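Notes follow once the structure below has been shown.
Each reported figure results from applying straightforward, stated rules to the coordinates on display, with no laboratory input. The structure presented is a predicted model; accordingly, all values stated were derived computationally and were not measured. Glycine gets a Cβ as well: all are built from the backbone with ideal geometry, and neighbour counts include every protein chain shown.
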Amino acid sequence: MKATPVLAATPPMGWNSWNWFAGKVTQDDVKAAADLIVSSGMRDAGYVYINIDDTWEGKRDEQGVLHTNEKFPDMKGLADYVHSKGLKLGIYSGPGDLTCAKYPASLDHEQQDADLYASWGIDYLKYDLCGFRTKMRAEAPNDIPAQDKMMKDAYMKMYQALKKTGRPIVYSLCQYGDDAVWQWGAEVGGNLWRTTGDVKENFSSIALIANTNIGLSKYAGPGHWNDPDMLEVGNGNLTPDENRAHMGMWAMLAAPLLAGNNLTKLTPEVTAILTNKEVIAIDQDALGRQAERVYQEGPIQIWSRPLADGGVALAVINFGEDENFMRGIGLHLKEAGVKPGMKARDVWAAKDLGKIEDGYKHSVKRHSMLLLRFSK
Ligand code: GAL
């Protein structure tokens with residue numbers, strides 16, 4: 001008998017509607033995103049989940065069955081369309097009575113909703129705490145441990161409902177890292193869990209999230225990932241350096257790569273960053289070991305992660321605000337786990353560097369990253 005494949009054996013990749021469309025997303029936008037993810041080459045680079053975030057929900061009928069709202073007239077048809085393109089469809093709900101955008105969520109309808117998703121052919125569920133917080137606070141005022149227990153039970157309840165459908169549905173926990181979710185997210189069936197609040201389209205937010213993920217590598221691995229939130233690559237005024245540093249950092253973090261940009265306005269430059277095969281290969285490395293920060297000196301941090309082929313990915317990132325290029329920082333190869341004699345490749349520059357020493361001359365601009373892959 002064949003073993004059941006691990007769901008989310010590598011961090012899920014795809015696109016999510018929230019960062020760009022927020023509450024305005026429609027079925028046609030999602031269809032267009034599916035078309036564009038194929039024509040841009042993103043699907044073939046690994047981006048397969050097309051995830052509808054909040055605001056698709058309509059009303060419950062007398063039997064409690066949830067209907068879509070007028071923006072999504074035919075969810076089953078949409079799922080069939082997305083599947084016909086070799087993609088998967090994701091959806092959004094939460095354990096409360098209402099979602100963050102105040103649409104109906106799954107409280108007391110968990111199995112009914114899970115069955116509905118399965119009947120449509122949904123492949124991924126993002127389950128967002130939001131409305132449930134009100135309930136936790138009302139039912140266990142000032143009793144944080146009791147509130148935490150309610151939250152864990154609520155996440156477990158939906159996991160069991162999803163499992164009962166028999167359909168493999170990636171389960172994405174979204175509760176912003178509360179109660180150190182990385183310690184128990186996998187126990188309640190999570191394939192990924194948000195570690196922080198919402199990412200924003202500026203570099204301070206990206207830096208804050210990266211720094212908030214220090215020390216979390218031991219909780220990630222095949223089937224269960226820390227989620228530093230969706231990508232902002234291509235959004236706002238992020239510069240090319242910032243887009244590369246963001247993408248590279250998320251790859252080091254073994255993060256789910258969910259593009260959150262407007263695919264109808266993809267530039268060749270943003271496409272090249274999002275589809276960079278070597279960067280994606282680091283993110284998707286089969287060993288599934290998230291990077292840790294191994295060295296910090298002022299605004300410069302060095303992160304490293306071991307790779308399945310015995311090599312190491314090493315990133316030098318400049319979080320500083322000063323326009324000066326930062327020079328003179330060694331690579332700290334020993335702390336990074338790079339063995340003597342390994343050969344380096346500059347990933348963003350796509351250039352083999354051969355054997356390099358700790359004092360390898362490099363300079364890292366403000367908000368940019370040197371990404372090296374070392375192999376035996
Ligand atoms: C937030 C969540 C965002 C988005 C939004 C939708 O709580 O963190 O990623 O899903 O709700 O209302």
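Brief remarks follow.
- Calculated FRET value between Thr264 and Lys334, using beta carbons and R₀ = 45 Å, to 0.05: 0.45
- Here's how it looks for Gly221: its modeled amide H is under 5 Å from those of Asn226, which are all 5 or more places away or on a different chain.
- Estimated vicinal HN-Hα couplings, Hz - segment 167-181 in sequence order (Karplus 6.51, -1.76, 1.60; Gly, Pro = x): 9, x, 10, 4, 10, 10, 7, 10, 8, 6, x, 4, 6, 6, 3
- Given Lys102/Lys277; Lys200/Lys277; Lys135/Lys163; Lys31/Lys59, the pairs whose alpha carbons are separated by over 30 Å: Lys102/Lys277
- Ordered from longest to shortest, the equivalent ellipsoid semi-axes for segment 247-376 are 23, 19, 13 Å, each the square root of 5 times a Cα gyration tensor eigenvalue.
- In order along segment 256-261, the phi-based Karplus estimate (6.51 cos²θ - 1.76 cosθ + 1.60, θ = phi - 60°) of 3J(HN,Hα) comes to x, 9, 10, 4, x, 9 Hz; Gly and Pro are listed as x.
- Of Ile329, Ala161, Gly190, farthest towards positive along the dipole that unit charges on Lys, Arg, Asp, Glu beta carbons give the chain: Ile329
- Structure-based [θ]222 nm, the chain - -39500 (n - 2.57) summed over DSSP H runs of at least 4, per residue, nearest 500: -8500 deg cm²/dmol
- A simple charge model with +1 on the Cβ of Lys and Arg, -1 on the Cβ of Asp and Glu and nothing else charged puts the dipole of segment 278-376 at about 320 debye relative to its Cα centre.
- Backbone HN-Hα couplings from phi across segment 221-226 [Karplus 6.51/-1.76/1.60, Hz, Gly and Pro as x]: x, x, x, 8, 10, 6
- Angstrom value of the Kirkwood radius, inverse mean 1/r, which spans all Cα pairs in segment 106-248: 16.4
- Signed unit charges on C-beta, dipole axis of the chain, positive-most listed residue Asn318, Gly131, Leu353: Leu353
- Compactness of segment 244-287 was expressed as the Cα radius of gyration divided by 2.2 N^0.38 Å, which yields 1.15.
- The chain shape via C-alpha gyration tensor axes, a/c threshold 1.5: prolate
- Unmatched cysteines, the chain - criterion: no other Cβ of a Cys under 4.7 angstrom: Cys174
- Förster-model FRET efficiency, 25 Å R0, Ala3 and Ser84, C-beta, rounded to 0.05: 0.30
- On the beta carbon distance between Arg60 and Asp309, with R0 = 45 Å, the FRET formula returns roughly 0.30.
- Projected onto their three principal axes, the Cα atoms of segment 262-321 cover extents of 39, 35, 14 Å, largest first.
- Less than 5 angstrom separates the built amide H of Cys100 from those of Gly131, all sequence-distant by 5 or more or on a different chain.
- Computed lengthening from Val38 to Asp108, 0.36 nm per intervening residue step minus Cα-Cα distance: 21.4 nm
- With 0.36 nm allotted per residue and the present C-alpha distance subtracted, the Asp179-Glu357 stretch has 59.9 nm of extension available.
- A cut-off of 5 Å between modelled amide H atoms, ignoring neighbours fewer than 5 places along the same chain, links Glu292 with Ser304.
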